[in-house]
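Below: one structure, written as structure tokens.
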Amino acid sequence: LRRVCRRHPRRTRIRSRHGPESEQLRRGAHGGLGGRNTALPYGSSNAPVAGGSGGTGLFSWAPYVGGIGGGAVHIEARDRVTLDGRITAYGNWSYYANCGGGGGGSVYIRCRRFSGVNGSIEAAGGGSASSTGGAGGGGRIAVWRVHDDSVGIVAAAAGGTNAANPSYSGQAGSIVFDWLPPAGTTISVR
């Protein structure tokens with residue numbers, strides 16, 4: 001990001017065993033359902049500001065813990081946001097038995113002009129190396145702009161994977177790319 005824009009990064013990573021939808025042996029259900037998680041996903045798809053839930057282990061007393069949930073990145077610019085690199089809010093993997101990955105985080109961008117070449121925005125859930133642990137659900141991405149000059153921008157909010165037991169992989173999160181009305185626009189509601 002260039003210094004032209006005003007940045008408000010809010011990095012809120014949720015530790016293991018914590019978060020709105022972090023259940024025992026079930027992973028964070030932030031934007032997408034976590035593997036082995038029956039709770040509904042949480043957070044706003046249009047204005048995501050929540051971090052991903054941390055993964056949990058089978059036993060609360062066990063020294064083995066799940067992955068940390070992804071952070072939250074919030075960028076508001078009066079004029080332009082130029083993305084030529086990567087913005088990530090990944091949930092961490094878990095490598096312990098009976099533990100799962102953290103849920104993906106959030107990336108929320110609002111600006112007048114969005115531009116960049118071949119940049120990427122990613123909010124993936126963390127995977128689980130254990131055949132009994134669920135992977136984290138994907139996070140949430142929202143980009144709101146008035147004008148768009150970007151070329152080749154890629155957004156991904158994939159759920160985490162569990163190669164040992166694919167049925168415990170996390171589901172994809174949400175991605176919103178939408179338009180803000182230009183300054184001076186009048187909206188009438190009857």
Classify the range 24-151 as rounded, prolate or oblate from the Cα gyration tensor: take a ≥ b ≥ c as the square roots of its eigenvalues, call it rounded if a/c is under 1.5, otherwise prolate when a/b beats b/c and oblate if not. prolate
Using Cβ contacts closer than 10 Å as the measure, can you line up His74, His30, His147 from fewest to most? His147, His74, His30
Relative contact order for the range 147-190, counting Cα pairs under 8 Å that sit 6 or more residues apart, in percent: 30
Using each residue's phi in the range 111-123, evaluate 6.51 cos²θ - 1.76 cosθ + 1.60 at θ = phi - 60° and report the 3J(HN,Hα) Karplus result to the nearest Hz, with x for Gly and Pro. 7, 7, 10, 10, 9, x, 10, 6, x, 9, 10, 9, 9
Interchain or sequence-distant (5+) residues whose placed amide H lies within less than 5 Å of the amide H of Arg113 are Arg80, Val81, Val146, His147
So what's the convex hull volume per residue for the Cα atoms of the range 119-174, in Å³? 65
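Just so you know, all these numbers are worked out from the coordinates, no wet-lab data involved. Bear in mind the structure is a predicted one, so any value in this text is a computation, not a measurement. Backbone-built Cβ (ideal geometry, glycine too); neighbour counts: all protein chains shown.
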